[in-house]
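The values are calculated or read from the model by the stated rules, or taken from the named source; none is laboratory data. These numbers were taken from a predicted model, which means no experiment stands behind them. Positions of Cβ are generated from backbone atoms using ideal geometry, with glycine treated the same way; all protein chains shown enter the neighbour counts. Calculation scope for accessible area: heavy atoms of the full protein, side chains included, ligands and nucleic acids excluded. Shrake-Rupley method; radii C 1.70, N 1.55, O 1.52, S 1.80 Å.
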Amino acid sequence: MNYNKKTVKDIDVKGKKVLLRCDFNVPQDKATGAITDGKRIVAALPTIQYLLEQGAAVIACSHLGKPKGEWKQSLSLAPVAARLGELLGKDVIFAKDIVGEDAKAKAAALQPGQIMLLENLRFDIGEEKNHPEFAKALADLAEIYVSDAFGTVHRAHASTAGVAAYLPAVSGFLIGKELEIMGSALANPKRPLVAILGGAKVSSKIGVINNLLDIADTIIVGGGMTYTFIKAMGGSVGTSLLESDWLDYCKEMLAKAKEKGVRFLLPVDTLCAAEFSADAKPELVDTMHIPDGRMGMDIGPKTIEAYTDAVKDAGTVIWNGPMGVFEFPAFAEGTRAVAKALAATSAVTIVGGGDSAAAVSQLGFADQMTHISTGGGASLEFLEGKELPGVACLLDR
Ligand code: AMP
């Protein structure tokens, strides 16, 4: 996979109509529809402002929620247009449709330095199905395509990939940064490369473990996926999360680590509990011998020490997935300690999206990481080394 892609800086946008795919999939209040967190809109500003300053006419577009091809007023992007206008301090022209008469007329009249927003892309079934007619109709509105919605690059939708068949395609600053930092961490990492993998299940991380075993120097495992590995090694796991169908896979991965000379660290001690609850009393046990009726909930202090030590002299650390049930304060220490260790190291530190990003923010370490990926599913597929349609479609540098 080539991550070296052209960005808005590599293309002349002056006087051009630019179709900009943003991620305006913002959380909304169920009752009122009000935007409850505008972070994604704020994150889109640098690319938008750059394009406007360069004299482009910007036709922004995004999906919101899952309307599945149906027109749903509650999922209209109109409130996003209003918020974007406030943030930019300028009028954001809103089209009442996507590629219909209103959008076409407004796009045709749009002047350099002006911005408009199309209605929710997923109101048209052609978006998620990547219908060529829909992609072509989107492309017909503009002369250049700029992709900046990293959260959807793993999907081959009309606005994330299909449209690139008809227009010169480059990334905005958000995707540009993801590619630069995560791309070089995978393709040309500063070594040693340490990958920390946690979260609930082995089954959701199989591709990541397999790919990183080819690249990393050390792999550190925590979270619920620990216990399938422990069982595969002959340990007893009590009532811990266990995916019996993946025991052979875990054995294979342990053998692969040995064969490749990758250091593979599993927790040596575990905080367990009699039940999955915030009030459960933590009990410290040896991870290989979790008693009957007890479930592993977090890594223990000896493990924290070993993991902290392993990232100290790393060149690059990639982290995806919490070390324990961090939502319960009594079982958040392992995740907090790993976040702290990442904050303290001079390594390039990359946090995969989704739960690990939420954990790092919740625990107050967000601004001490080199990069927190904005895509959950997208960053997982990135770490799996998969070809991402929304990246592959961009022009190579
Ligand atoms: P993922 O989405 O796969 O990254 O998983 C994140 C979830 O894994 C979080 O909600 C954690 O509470 C959960 N988790 C982490 N460790 C454990 C564990 N030992 N047992 C059960 N769930 C866990």
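Set side by side, the residues 370, 349, 316 differ, and just one is more than 10 Å from the ligand (Cβ to nearest atom), surrounded by fewer than 21 Cβ atoms within 10 Å (Cβ to Cβ) and among the polar types (S, T, N, Q), which is 370. Here are some residues: 107, 81. Which one is more than 29 Å from the chain's Cα centre (by Cα), closer than 22 Å to residue 52 by Cβ and modelled with pLDDT of 95 or more? Of the residues listed, the single one that is more than 29 Å from the chain's Cα centre (by Cα), closer than 22 Å to residue 52 by Cβ and modelled with pLDDT of 95 or more is 107. The single residue among 195, 200 that is surrounded by fewer than 18 Cβ atoms within 10 Å (Cβ to Cβ), closer than 30 Å to residue 321 by Cβ, in contact (Cβ under 8 Å) with a residue 24 or more places away in the chain and within 16 Å of the ligand (Cβ to nearest atom) turns out to be 200.
Restrict the check to segment 320-330 and report whether at least one residue is assigned by TED's automatic domain parsing to the domain that holds residue 236, over 26 Å from the mean Cα position of the chain (by Cα) and either farther than 27 Å from residue 189 by Cα or within 12 Å of the ligand (Cβ to nearest atom) (or both). Yes, segment 320-330 contains a residue that is assigned by TED's automatic domain parsing to the domain that holds residue 236, over 26 Å from the mean Cα position of the chain (by Cα) and either farther than 27 Å from residue 189 by Cα or within 12 Å of the ligand (Cβ to nearest atom) (or both).
Working only within segment 13-24, note down all residues that are in a loop (DSSP other than H, G, I, E, B), under 19 Å from residue 165 (Cα atoms) and open to solvent by 20 Å² or more (accessible area, probe 1.4 Å).
Start the filter on segment 13-24 by keeping residues that are in a loop (DSSP other than H, G, I, E, B), which leaves 13-16, 22-24.
Checking which are under 19 Å from residue 165 (Cα atoms) leaves us with 13, 16, 22.
Within segment 13-24, just 16 meets the criteria.
The residues on offer are 385, 377, and the sole one that is within 11 Å of the chain's Cα centre (by Cα) and surrounded by fewer than 19 Cβ atoms within 10 Å (Cβ to Cβ) is 377. Can you tell me which residues in segment 118-128 are of a type in the set (Lys, Arg) and part of a loop (DSSP other than H, G, I, E, B)? The answer is none; no residue qualifies. Being among the hydrophobic types (A, V, I, L, M, F, W, C) and in contact (Cβ under 8 Å) with a residue 12 or more places away in the chain is a property that holds for residue 139. On the given criteria, is residue 41 among the hydrophobic types (A, V, I, L, M, F, W, C), farther than 13 Å from residue 172 by Cβ, open to solvent by less than 40 Å² (accessible area, probe 1.4 Å) and assigned to a helix (DSSP H, G or I)? For residue 41, the condition - among the hydrophobic types (A, V, I, L, M, F, W, C), farther than 13 Å from residue 172 by Cβ, open to solvent by less than 40 Å² (accessible area, probe 1.4 Å) and assigned to a helix (DSSP H, G or I) - is met. Residues in segment 203-215 that are more than 15 Å from the ligand (Cβ to nearest atom) and either open to solvent by 10 Å² or more (accessible area, probe 1.4 Å) or among the acidic types (Asp, Glu) (or both): 210, 211, 214, 215.
Per-residue answers, yes or no, for (1) open to solvent by 20 Å² or more (accessible area, probe 1.4 Å); (2) of a type in the set (Ser, Thr, Tyr); (3) within 23 Å of residue 41 (Cα to Cα); (4) not in a strand (DSSP E or B):
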residue: 107; (1), (2), (3), (4): no, no, yes, yes
residue: 112; (1), (2), (3), (4): yes, no, yes, yes
residue: 116; (1), (2), (3), (4): no, no, yes, no
residue: 130; (1), (2), (3), (4): yes, no, no, yes
residue: 133; (1), (2), (3), (4): yes, no, no, yes
residue: 137; (1), (2), (3), (4): yes, no, no, yes
residue: 142; (1), (2), (3), (4): no, no, yes, yes
residue: 155; (1), (2), (3), (4): yes, no, yes, yes
residue: 163; (1), (2), (3), (4): no, no, yes, yes
